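The values are calculated or read from the model by the stated rules, or taken from the named source; none is laboratory data. The structure presented is a predicted model; accordingly, all values stated were derived computationally and were not measured. In this analysis, Cβ positions are derived from the backbone assuming ideal geometry, glycine residues included, and neighbour counts consider all displayed protein chains. When the accessible area is computed, the model is the full protein with side chains, heavy atoms only, and any ligands, DNA or RNA have been set aside. Shrake-Rupley method; radii C 1.70, N 1.55, O 1.52, S 1.80 Å.
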Amino acid sequence: MKSPLLTLPGAVPAEGVDEGVAAHYGDLFREQRALADGTGFVDLSHRGVVTVSGPERLTWLHLLLTQHVQDLPPHRATEALVLSANGHIEHALYLVDDGETVWAHVEPGTQEALIAYLESMKFFYRVEVADRTADIAVVHLPAGSITEVPEGVAVRETPYGRDLFLPRGDLEAYADKAGPAAGLLAHEALRVEHHRPRLGFETDHRTIPHELGWIGSAVHLQKGCYRGQETVARVQNLGKPPRRLVFLHLDGSEVHLPVPGTELRLAVDGEDGRKIGFITTSARHHELGPVALALVKRNVPVDAPLLAGDTAAAQETVVEP
């Protein structure tokens with residue numbers, strides 16, 4: 001779904017999964033600094049929007065999600081995952097309940113599969129699941145923003161800012177009031193800075209929540225049964241995940257960023273050494289320079305210098321080995 005904000009001056013379209021919104025509006029670092037200062041907004045209208053209504057919505061979702069939502073207070077934001085039977089991550093939901101309806105935004109293009117799963121699990125529960133992507137656009141206001149939120153709009157208030165579920169027809173008018181616009185690249189650079197994983201970027205077909213630091217923020221360890229819980233409990237109580245998320249400072253003298261999928265090796269072994277991980281997201285940060293998130297094998301020493309392709313990289317621990 002192509003955003004009308006792609007007509008704003010300087011807009012350069014994003015590619016891949018983020019196609020449909022702007023990658024940037026002509027000045028990546030200015031846009032990052034604006035967001036870091038609490039001004040502007042990010043157009044996330046390409047993301048999927050799913051709602052769940054009905055008197056048993058929270059009780060029902062509590063049985064399906066990794067998060068404790070049965071007693072979720074109105075207007076409190078949370079995150080949750082849907083796991084496979086083997087504990088691998090299938091969906092990530094960023095949700096809030098407004099007292100009558102649960103609003104969730106998800107990765108672009110994943111809402112149909114998520115809704116199909118939810119519909120298959122309804123049984124006799126009094127719930128209604130709806131795809132609202134066509135009529136609701138997600139807009140992100142950064143932390144510290146004093147931009148007015150329209151009355152009646154569902155809002156997720158988090159430490160990183162507010163996610164608004166805005167009627168899609170109001171998007172252009174709201175952008176005029178909320179500017180300046182910042183693109184996805186600025187938003188992604190700050191996500192990397194905050195070590196926040198993203199489905200489809202930091203995950204693959206075998207990722208489990210422990211590898212990405214999603215225990216606690218998206219996975220509640222004291223709640224009842226849900227699909228994949230056995231794996232979560234076993235790893236938490238008896239073992240360690242095979243991989244761990246790290247934050248990388250990349251050599252700033254390199255012209256090109258290592259792309260996602262770039263193999264990581266121990267610097268001491270050189271470019272022909274054994275693969276010990278790979279880049280998941282890379283970005284140019286307005287203060288930190290070139291940075292990245294990566295998955296490495298759990299036993300990689302936390303202080304070991306790395307090579308991302310031929311680019312030197314120093315790691316910071318995100319998930320403890």
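Whole number in Å², please: accessible area per residue of the chain, 1.4 Å probe, ligands, DNA and RNA not counted.
Ligands and nucleic acids excluded, the figure is 45 Å² per residue.
Expressed as a whole percentage, what fraction of the accessible surface of the chain belongs to carbon and sulfur atoms when a 1.4 Å probe is rolled over the protein heavy atoms?
Numbers: 7470 of 14450 Å².
On the chain, the fraction of accessible area on carbon and sulfur atoms equals 52 percent.
From the gyration tensor of the Cα coordinates in segment 163-321, what semi-axes in whole Å does the equivalent ellipsoid have, largest first, with each one equal to sqrt(5λ)?
29, 26, 11
Tell me the mean residue ellipticity at 222 nm calculated for the chain from its helices only (DSSP H runs of n ≥ 4, each -39500 (n - 2.57), averaged over every residue, nearest 500). The partial results should precede the final answer.
On the way: 6 runs with 55 residues, N = 321.
When only DSSP H runs of four or more count, the value is -5000 deg cm²/dmol.
What's the ranking of 179-191, 228-240 by average number of surrounding C-beta atoms within 10 Å, highest first?
179-191, 228-240
Obtain the nm distance between the two label points defined at His249 and Ala134 by a simple spin-label model: each point lies 7 Å from its Cα along the Cα-to-C-beta direction.
That separation, rounded to one decimal, is 5.0 nm.
Tell me, how many Å apart are the Cα centres for segment 242-321 and for segment 22-61?
27 Å
Binning at 5 angstrom from zero up to the longest distance, how are the C-alpha pair distances of segment 183-247 distributed in percent?
All Cα pairs considered, the percentages come to 3, 14, 26, 23, 16, 9, 5, 3, 0.
Taking only Cα atoms of segment 78-217, what ratio of Rg to Rh do you get with Rh as the Kirkwood inverse-distance radius?
Radius of gyration relative to Kirkwood radius: 0.96.
Grab the Cα-Cα distance for Gln222 and Arg234, subtract it from 0.36 nm times how many residues apart they are, and report the gain in nm with one decimal.
Full-extension gain reported as 3.0 nm.
Rg(Cα) of segment 152-226 divided by 2.2 N^0.38 Å?
Numbers: Rg = 16.3 Å, N = 75, 2.2 N^0.38 = 11.3 Å.
Ratio of Rg to 2.2 N^0.38 Å for segment 152-226: 1.43.
What is the list of residues in segment 195-210 whose amide nitrogen lies under 13 Å from a point 7 angstrom out from the Cα of Glu316, following Cα to Cβ?
195-196
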